[in-house]
Amino acid sequence: MPTYDMVCQDCEHKFTVFCAISEKEKQVCPKCKSSKISQRFTSVNIGGSKGGGGGCSGSSCAGCSGC
Ligand SMILES: [Zn+2]
């Protein structure tokens, strides 16, 4: 069962629901019972920390070709 991080748009209460994706739209805020909730996408690292390389400045890098 997937979990979804949700946030209530009325009271900004953050909560997590455990439900099927078809049930997700039917959830309500457990605090104020509002149905105006939206999914909260937390920051997930998706290949974020790649690159940099460090040493290459200009074209005088000996260890690589074409960076
Ligand atoms: Zn609420």
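Tabulated values for the structure
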{"read-out": "Long-range HN-HN contacts of Met6 with modeled amide H, under 5 Å", "value": "Phe15, Thr16, Val17, Arg40"}
{"read-out": "Order of Met6, Met1 under a 10 Å beta carbon neighbour criterion, fewest first", "value": "Met1, Met6"}
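No value in this document is a laboratory result; all are computed from the given coordinates. All values reported here derive from a predicted model rather than from experimental measurement. Reconstructed Cβ throughout: ideal geometry from the backbone, glycine too, with neighbour counts over all protein chains shown.
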